[in-house]
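Asks: Structure incoming, see below.
The values are calculated or read from the model by the stated rules, or taken from the named source; none is laboratory data. All of these numbers come straight from a predicted model, not from anything done at the bench. All Cβ positions, glycine included, derive from the backbone under ideal geometry; neighbour counts span all protein chains shown.
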Amino acid sequence: MDERPEIPLLEIGAGGGRAIYAAAPERAHALIASARRLYTPPVMALADKLSAAWLARSANPHRAEIAEIGARVGRPGAAMLNLSFEWACTTSAAADPTGPGNRLLRTLDWPFHGLGRNVVVARESGTAGEFLNVTWPGAVVVLTAMAPGRFSAAINQAPMARRGLGLIGDWAANRVRLWHQRALPPAHLLRRVFETARDFAEAKAMLSQTPIALPVLYTLSGIGADEGCVIERQETTAVVRAAPAVCANDWVATPVPGRPRGRDNEARRAQLARAAAEAGEGFDWLTPPVLNGETRLAVAANAARGRLAVLGVEKDGPATREFRWGFN
């Protein structure tokens with residue numbers, strides 16, 4: 001008998017991050033506690049204060065929502081974690097070999113204990129229709145989601161821009177640059193896209209053309225077998241790679257020097273490209289190096305068929321039962 005916990009489906013409607021938190025506050029508190037152990041309370045307090053200040057300076061549309069969740073949590077962390085991009089990922093968009101449509105495959109890697117165990121699926125709605133958001137209570141953003149009949153999409157962390165100042169100097173220079181930005185963070189834009197974009201074409205245009213606060217990699221998967229792409233974004237420009245396409249945490253087509261995030265980017269891309277063309281409907285494709293000691297989440301989504309599969313992962317292996325939507 002499988003004793004691993006199920007991933008809950010939360011019926012959120014138009015309630016957004018507040019409603020997701022209210023539906024499972026204990027999961028948010030567990031993640032904040034884990035973050036405090038990983039980053040230490042003083043670092044969390046400082047990062048949270050700076051994050052809240054940036055949200056106010058940029059007039060972010062979700063700042064009140066984040067502040068309310070932070071107040072309900074009762075300790076620093078909500079603002080910081082809603083602006084965090086300290087993870088590696090591997091994601092693909094390609095024709096689904098198991099049936100009609102295009103399929104998104106994705107993993108998220110972050111050495112953050114409890115992410116896999118505390119993942120939820122929130123069934124949300126916006127002006128363009130409903131979507132299934134693979135997320136965590138306390139988050140107001142969208143990192144991975146599937147909108148049945150419209151599209152699926154996910155975010156990967158982009159390389160760190162090189163400024164010629166060494167690793168620490170480049171990091172500091174990029175943070176100063178971010179401090180002066182006023183555009184939406186990439187994950188906040190992805191939430192807007194799922195709420196308002198009616199189809200793949202609208203989503204692609206928004207993700208390619210809307211100014212954002214820092215570089216990112218978007219993977220977008222539509223309902224036609226050939227409707228898919230990786231969008232390599234700078235703040236105001238984009239390079240689009242058509243499906244079949246795979247991204248990890250480095251540039252493939254963008255002519256901008258950067259420091260790749262994560263490890264084994266080329267090997268992860270190659271392994272997931274093979275899986276995208278051959279893998280069945282389970283998670284047999286989740287193998288090294290795409291699967292590694294920092295993997296916390298695996299997702300497969302086909303918007304044409306309205307199918308979503310999610311698996312929470314921890315350092316020692318699968319931490320949840322497989323969530324399956326639309327497979328009946």
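Asks: Among the residues in the range 109-126, are any acidic (Asp, Glu) and at pLDDT below 95? It would help to see each step written out before you state the result.
Replies: Applying the first criterion (acidic (Asp, Glu)) to the range 109-126 yields 109, 124.
The next check asks that each one be at pLDDT below 95; those that pass are none.
The answer is no; no qualifying residue exists.
Asks: When the range 311-327 is examined, which residues are found to be over 12 Å from Gly282 (Cβ atoms) and either crowded, with 21+ Cβ neighbours inside 10 Å or in contact with a helix residue (DSSP H, G or I) (Cβ under 7 Å, 6 or more places away or on another chain) (or both)?
Replies: The initial filter retains those residues of the range 311-327 that are over 12 Å from Gly282 (Cβ atoms), namely 312-317, 319-321, 323, 325-326.
Of everything in the range 311-327, those that are over 12 Å from Gly282 (Cβ atoms) and either crowded, with 21+ Cβ neighbours inside 10 Å or in contact with a helix residue (DSSP H, G or I) (Cβ under 7 Å, 6 or more places away or on another chain) (or both) turn out to be Gly312, Val313, Ala319, Thr320.
Asks: OK, next. So for the range 193-210 (the condition being modelled with pLDDT of 95 or more, within 27 Å of Trp136 (Cβ to Cβ) and assigned to a strand (DSSP E or B)), does at least one residue qualify?
Replies: Within the range 193-210, not a single residue is modelled with pLDDT of 95 or more, within 27 Å of Trp136 (Cβ to Cβ) and assigned to a strand (DSSP E or B).
Asks: Here are some conditions: (1) part of a loop (DSSP other than H, G, I, E, B); (2) farther than 30 Å from Arg305 by Cβ. Ile7 meets all but one. Which one does it not meet?
Replies: All conditions pass for Ile7, except number (2).
Residues checked against (1) surrounded by 15 or more Cβ atoms within 10 Å (Cβ to Cβ); (2) more than 26 Å from Ala183 (Cα to Cα); (3) out of contact with any Lys or Arg (no Cβ under 7 Å at 6 or more places or on another chain):
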| residue | (1), (2), (3) |
| --- | --- |
| Ala23 | yes, yes, yes |
| Ala47 | yes, no, yes |
| Ala56 | no, no, no |
| Ala67 | yes, no, yes |
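Asks: I'd like to verify a number: residues in the range 208-244 that are under 20 Å from Trp87 (Cα atoms) and either out of contact with any strand residue (DSSP E or B) (no Cβ under 9 Å at 6 or more places or on another chain) or among the hydrophobic types (A, V, I, L, M, F, W, C) (or both), how many?
Replies: The number of residues fulfilling the criteria is 8.
Asks: Being modelled with pLDDT of 95 or more, buried (at least 16 other Cβ atoms within 10 Å of the Cβ), among the hydrophobic types (A, V, I, L, M, F, W, C) and part of a strand (DSSP E or B): is that true of Ala298 here? Walk me through how you get there before you give the answer.
Replies: Values: modelled with pLDDT of 95 or more: yes; buried (at least 16 other Cβ atoms within 10 Å of the Cβ): yes; among the hydrophobic types (A, V, I, L, M, F, W, C): yes; part of a strand (DSSP E or B): yes.
Yes; evaluated as a whole, the condition is true for this residue.
Asks: Picking from Glu322, Glu266, which residue would you name as being under 23 Å from Leu9 (Cα atoms) and not aliphatic (A, V, I, L, M)?
Replies: Details: Glu266 fails: under 23 Å from Leu9 (Cα atoms).
Going through Glu322, Glu266 in turn, the sole match is Glu322.
Asks: Between a first residue in the range 275-303 that is within 16 Å of Val246 (Cβ to Cβ) and a second residue that is surrounded by fewer than 16 Cβ atoms within 10 Å (Cβ to Cβ), which pairs have beta carbons less than 6 Å apart while being 6 or more apart in sequence or on different chains?
Replies: Pro289/Ala267
Asks: Taking Gly129 as the residue in question, decide whether it is farther than 20 Å from Gln157 by Cβ and either buried (at least 19 other Cβ atoms within 10 Å of the Cβ) or modelled with pLDDT of 90 or more (or both).
Replies: Details: farther than 20 Å from Gln157 by Cβ: yes; either buried (at least 19 other Cβ atoms within 10 Å of the Cβ) or modelled with pLDDT of 90 or more (or both): yes.
It is true that Gly129 is farther than 20 Å from Gln157 by Cβ and either buried (at least 19 other Cβ atoms within 10 Å of the Cβ) or modelled with pLDDT of 90 or more (or both).
Asks: Considering only the range 260-268, I want to know if a residue exists there that is buried (at least 18 other Cβ atoms within 10 Å of the Cβ), on the phi > 0 side of the Ramachandran plot and of a type in the set (Gly, Ala, Ser).
Replies: yes
Asks: What are the residues in the range 301-321 that are within 18 Å of Asp109 (Cα to Cα) and assigned to a loop (DSSP other than H, G, I, E, B), if any?
Replies: Lys315, Asp316, Ala319, Thr320
Asks: Among the residues of the range 26-35, is any surrounded by fewer than 17 Cβ atoms within 10 Å (Cβ to Cβ), in contact with a helix residue (DSSP H, G or I) (Cβ under 8 Å, 6 or more places away or on another chain) and not β-branched (Val, Ile, Thr)?
Replies: no
Asks: Would a scan of the range 89-97 turn up a residue that is touching a helix residue (DSSP H, G or I) at 6+ places or on another chain (Cβ under 8 Å), surrounded by fewer than 21 Cβ atoms within 10 Å (Cβ to Cβ) and within 20 Å of Arg27 (Cβ to Cβ)?
Replies: No.
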